[in-house]
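J.: I'd like to ask you about the structure that follows.
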Amino acid sequence: MELQEIKGIGAKRVKALNEMGIFTPSDLLLRFPDKYIYKNAVIDPRVVREGDEISFAAKVSAEAKRSYIRKGLSVVTCSVVNNGITVRCSWFNQPFAARSLKIGDTVYVCGKVKKFKSILQMTNPAFIAPQEDDGGIIPVYKTAIPSRTFASAVRTALENVTVNSYIPRDVALKFNLLPLQTALTEVHMPTDKVMLSRARRCVAIENMCYVITSYRLLKDDRRDFEYGAPPSVVEDITSRLTYELTHDQKLAVKNIISEMRSDKLMNALVQGEVGCGKTVVALIVMYYAAKSGHQATLMAPTETLARQHYENAVKLLEPLGVNVQLLCASMNKTQTETALFNIKYGVAQCIIGTQSLISDGIEYNDLRLVIVDEQQRFGVNQRAKLESKGKKTDMIVMTATPIPRTLALSLYGELSQTDIRTMPKNRPSVQTSIVPPSKFDGMFKYIETCASRDERTYIICPRIADDDDDVTGVDKIYAKLKAMPIGKFCGCLHGKMRDAEKNSVMKCFKNGEIKVLVSTTVVEVGIDVPEATNVIVYDAERFGLAQLHQIRGRVGRGTKQSYCFLISENGTPESDERLKKFCGMRDGFSVSELDFELRGAGDFVGLRQHGNVLELDKDTILRARELSDAIINDGRASEGIIDSLKSPEFIKSVTMN
């Protein structure tokens, strides 16, 4: 079956689905619902809390009206009633809402609720018209085509194909797993809450099991090469440093080189606080690999970070006779061809770059050491592809978002784990506080004072543009600041800018031409500006604690006292309490444990997200690990999983009925 054979999916919609990465019926099945509407739910204002996500069927009780707030921003308002309770709904820049909602109509509504005194309000809720064949639970898909059309296409696919799992049925039964076809059907076409919950858990376990098993099967730990240089060679590089390594850095270097010289391939996790000095540890062991006659590579999640690592490596390694090569997407044709030549023929001994390092056209001469920086930003298959560029390779994954040990062991197998907890001397702690609206003016005056004495400030917003009145965008804050005296110090940065433009903005921020940078989370990882002493985070309740800790780590990298200001005007009691706890935490290890307990594994696992179904709590991960053990011991699924890594999915096959 082809996508265009499905009713309602014409050429334009096929193109839209292709742009989402959906090319086959199996791709449809793996795009899970973003939300569910519970048709028979009854609103009880005594139970509903601020910030709760609720769904219900309601009658439109007041005419939908559209008005303009300003040029380019309109709002549609409408009231609906459920169980005698009125909910006031508003949609920003969605004029179709006014045309679609008529008095007396029944409509399904789903979204977060606000309370203003005794009145319930919802901003930009999803709304869907009922259909005759609706069950008690209606899936909602946020895709490039209408939710109903997508749901119908998924239903057609499920009716015409048979889904086969990598997990042998007898093994699945021992773990009380539903057949994968049944689980996927329940996820997309739920019969009741109990079965939906079970199906989501089964799919999450199978997917996590696939990831764990893939990584474990890829690791052949028999070493067939050696590092010939004596460990003492690292003194060449440490003696050139303008500072002394901390105790934990020295221990990390010693342990890693010891593993590199062992008879088994290394599989190591290096984790530590933001600014604790993981990068210099990486450069030292890359130097050791180069002096032993092998190539080493370091992959970073962003070009800005890759270039920063490259500049540091050139300063530190090239005076010692080690050639360093950069490989990034923004390099021109001549630069790229030169880089590929140097890498293929061994002219480059240490290679630093982004995901360009795993592109199909790149060949390495003798790659033996692979380092992945900020590992949580990469999927397991991206790491595996980089490893596969060498004949056999030692692997180091580094993170400034410490991973709870349960999760780390599950994701990476029997890995060695090195924690760098001690910070460099004279490194100040970062004081964190929640700023109420009454103190905004004072905060910005303080930021202006800091700018006048050449201190830098990051202002982080969750998105680029304001799509509604609840989420703060870079555009809005940047325009606001430009109209203030502080505006002369401001610049902005976000992911839609060209790489060259982003690099230029960051260069201006580093050298002081820009002193206040309004940005999205593109600056979340690794950017090192010692003069940055303040970071303001808008809509802090929308970030996980691990991510907030990463953002906070952009400051306090010099010697001056630094501050992190959190703004949360739309938080819930739960999110407010979470942020209060975060303000009192200085240790990323404790932050990670709390975030894992509160939010699951989403902030730590670099997995492809399929809608909202991947609820990776500790029990799910442990169960997936047990299932992975059973599969590897059984042996029947192993070969197929390895073959599937060329096009990774946890479905073995989809056959026509």
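J.: Only residues that are assigned to a helix (DSSP H, G or I), surrounded by fewer than 18 Cβ atoms within 10 Å (Cβ to Cβ) and basic (Lys, Arg): list them for region 565-589, please.
T.: Listed by number, the residues that qualify are Lys580, Lys581.
J.: For region 396-439, name all the residues that are modelled with pLDDT of 70 or more, in contact with a helix residue (DSSP H, G or I) (Cβ under 6 Å, 6 or more places away or on another chain) and open to solvent by less than 10 Å² (accessible area, probe 1.4 Å).
T.: Passing the criteria: Val397, Met398, Thr399, Ile420.
J.: Considering only region 167-185, state which residues are open to solvent by 20 Å² or more (accessible area, probe 1.4 Å) and out of contact with any Asp or Glu (no Cβ under 8 Å at 6 or more places or on another chain).
T.: Arg169, Asp170, Leu173, Lys174, Asn176, Pro179, Gln181, Thr182, Thr185
J.: Which condition number in (1) among the aliphatic types (A, V, I, L, M); (2) free of Cβ contacts under 8 Å to residues at least 60 places away in the same chain; (3) touching a Phe, Trp or Tyr at 6+ places or on another chain (Cβ under 7 Å) is the one that Leu245 fails?
T.: (3)
J.: Next question, about the same structure. With the condition kept exactly as written, say whether any residue in region 274-289 is part of a strand (DSSP E or B) and more than 13 Å from Met398 (Cα to Cα).
T.: Scanning region 274-289 turns up no residue that is part of a strand (DSSP E or B) and more than 13 Å from Met398 (Cα to Cα).
J.: Is it true that some residue in region 308-315 is in contact (Cβ under 8 Å) with a residue 12 or more places away in the chain, in a loop (DSSP other than H, G, I, E, B), out of contact with any His (no Cβ under 7 Å at 6 or more places or on another chain) and open to solvent by 20 Å² or more (accessible area, probe 1.4 Å)?
T.: Scanning region 308-315, I find no residue that is in contact (Cβ under 8 Å) with a residue 12 or more places away in the chain, in a loop (DSSP other than H, G, I, E, B), out of contact with any His (no Cβ under 7 Å at 6 or more places or on another chain) and open to solvent by 20 Å² or more (accessible area, probe 1.4 Å), so the answer is no.
J.: Considering each of Met484, Met443 in turn, give the residue that is more than 30 Å from Gln249 (Cβ to Cβ), in contact with a Phe, Trp or Tyr (Cβ under 8 Å, 6 or more places away or on another chain) and open to solvent by 20 Å² or more (accessible area, probe 1.4 Å).
T.: Met484
J.: Additional query: Of all the residues that make up region 45-63, how many are among the small types (Gly, Ala, Ser) and at pLDDT below 90?
T.: Total meeting the criteria: 3.
J.: So, Ser330, is that one closer than 16 Å to Ala300 by Cα, part of a helix (DSSP H, G or I) and open to solvent by 20 Å² or more (accessible area, probe 1.4 Å) or not?
T.: Taking the combined requirement at face value, the residue does not satisfy it.
J.: How do the helices (runs of 4 or more DSSP H) wholly within region 124-210 filter down when requiring 2 or more residues that are closer than 23 Å to Arg625 by Cα: which remain?
T.: It comes to 169-174, 180-188.
J.: Could I ask something else about it? Among the numbered conditions (1) among the aliphatic types (A, V, I, L, M); (2) open to solvent by 20 Å² or more (accessible area, probe 1.4 Å); (3) more than 30 Å from Ile459 (Cα to Cα); (4) at pLDDT below 80, tell me where Ile641 comes up short.
T.: Tallying (1) among the aliphatic types (A, V, I, L, M); (2) open to solvent by 20 Å² or more (accessible area, probe 1.4 Å); (3) more than 30 Å from Ile459 (Cα to Cα); (4) at pLDDT below 80, Ile641 fails exactly one: (2).
J.: Can you name every residue in region 496-553 that is within 21 Å of Lys439 (Cα to Cα) and among the acidic types (Asp, Glu)?
T.: Asp539, Glu541
J.: Checking Lys102 against (1) of a type in the set (D, E, K, R); (2) more than 19 Å from Asn40 (Cβ to Cβ); (3) in contact with a Ser or Thr (Cβ under 7 Å, 6 or more places away or on another chain), which single condition isn't satisfied?
T.: Answer for Lys102: the failing condition is (3).
J.: Could you list, in sequence order, the residues of region 2-29 that are polar (S, T, N, Q) and either open to solvent by less than 20 Å² (accessible area, probe 1.4 Å) or not in a loop (DSSP other than H, G, I, E, B) (or both)?
T.: Just the residues of region 2-29 that are polar (S, T, N, Q), to begin with: 4, 18, 24, 26.
Across region 2-29, the qualifying residues are Gln4, Asn18, Ser26.
The values are calculated or read from the model by the stated rules, or taken from the named source; none is laboratory data. Just so we're clear, the structure is a prediction, and the values are computed from it rather than from any experiment. Quick reminder, even Gly has a Cβ in these numbers, built from the backbone with ideal geometry, and neighbours come from all protein chains shown. Surface areas here come from the heavy atoms of the whole protein model, side chains and all, with no ligands, DNA or RNA. Shrake-Rupley method; radii C 1.70, N 1.55, O 1.52, S 1.80 Å.
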